[in-house]
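As structure tokens, the structure follows; a few thoughts come after it.
Please treat every number below as a calculation from the coordinates, not as lab data. Note that the structure is a prediction, hence the values are computed from the model and not measured. Heads up, the Cβs are rebuilt from the backbone with ideal geometry, glycines too, and the neighbour counts pull from every protein chain shown.
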Amino acid sequence: NAGVMQNPRHLVRRRGQEARLRCSPMKGHSHVYWYRQLPEEGLKFMVYLQKENIIDESGMPKERFSAEFPKEGPSILRIQQVVRGDSAAYFCASSPGQANTGELFFGEGSRLTVL
Amino acid sequence: QQPVQSPQAVILREGEDAVINCSSSKALYSVHWYRQKHGEAPVFLMILLKGGEQKGHEKISASFNEKKQQSSLYLTASQLSYSGTYFCGTEIRGNTPLVFGKGTRLSVIA
């Protein structure tokens, strides 16, 4: 059973370009969470999605960031018009149900560098 | 709402013990512990759901003091493989995303 798959693992963008990060949850998992991690910092919650629904986006910046988890295919975190401050590692995690009933399974992360 | 972890960093020799604390300004519903090695994904260690609960796995255990709104992770007779950054994640109520602390960097040396 494959784990949580994220791609790309590394992404370099120039300021003003768009970044798309993909996350395929573990088989059978319908809940996806995105977290951002800056160097020497913890994991900051961004958004929580179930299939075709955004459940909690309280951690998402109001502008330029969006996320989706379509009925078919991976979850996508999209960052438009990237700025240097967007450089970070973005981790996706999945769970079969609500997080408090079990562990979160994290992907290896996507490391975004904005030049 | 972000939990506070202490210490920020600790260096141990193999075989020594360590305690990592996680405290919250709000009442907690649950506490989760994860370990992340450099450049890798965070890996689940354990969940504590009830006040006063203590869980353990081999030489890593944790307690959850609901009244004090804090949890502690105990690493006994540390091994080189214990090195990494330990994060606590908290919920103030059920069915909400975890809020993680800034982490405690543990280095175990021979």
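What is chain A's relative contact order, in percent, from Cα pairs under 8 angstrom and six or more apart in sequence?
37
Cα gyration tensor of the stretch B:29-110, axes a ≥ b ≥ c as square roots of the eigenvalues: rounded (a/c below 1.5), prolate (a/b > b/c) or oblate?
Oblate is the answer for the stretch B:29-110, as a/c is 1.5 or above yet b/c matches or exceeds a/b.
Label point 7 Å out from A:V83 along Cα-to-Cβ: which residues of the stretch A:62-76 have amide N under 20 Å?
Correct set: A:62-67.
Over the whole of B:90-103, what's the average partner chain Cβ count within 10 Å per residue? Rounded to a whole number, please.
For peptide B:90-103, the averaged partner shielding equals 5.
Hey, how many Å between the Cα centroid of the stretch A:1-38 and the Cα centroid of the stretch B:65-110?
24
Return a whole-number percent for the relative contact order of the stretch B:10-110, with Cα pairs under 8 Å and 6 or more residues apart as the contact set.
Relative contact order for the stretch B:10-110 comes out at 37 percent.
Of all trypsin sites (Lys or Arg not before Pro) in the stretch A:18-52, which ones are in loop regions per DSSP and have a Cβ with at most 14 other Cβ atoms within 10 Å?
Qualifying residues, ordered by number: A:K27, A:K51.
Once Lys and Arg get +1 and Asp and Glu get -1 on their Cβ, which of A:G85, A:L49, A:Q37 lies farthest toward the positive end of the dipole of the stretch A:10-115?
So the residue furthest toward the plus end is A:G85.
May I ask for log10 I(q)/I(0) of the stretch A:38-115 at q = 0.14 Å⁻¹, from a Debye sum over the Cα atoms as equal point scatterers with solvent left out?
-0.50
Using the structure shown, select from B:K59/B:K102; A:K27/B:K37; A:K44/A:K71; A:K44/B:K59; A:K51/B:K102; A:K51/B:K68 the pairs with a Cα to Cα distance greater than 32 angstrom.
A:K51/B:K68
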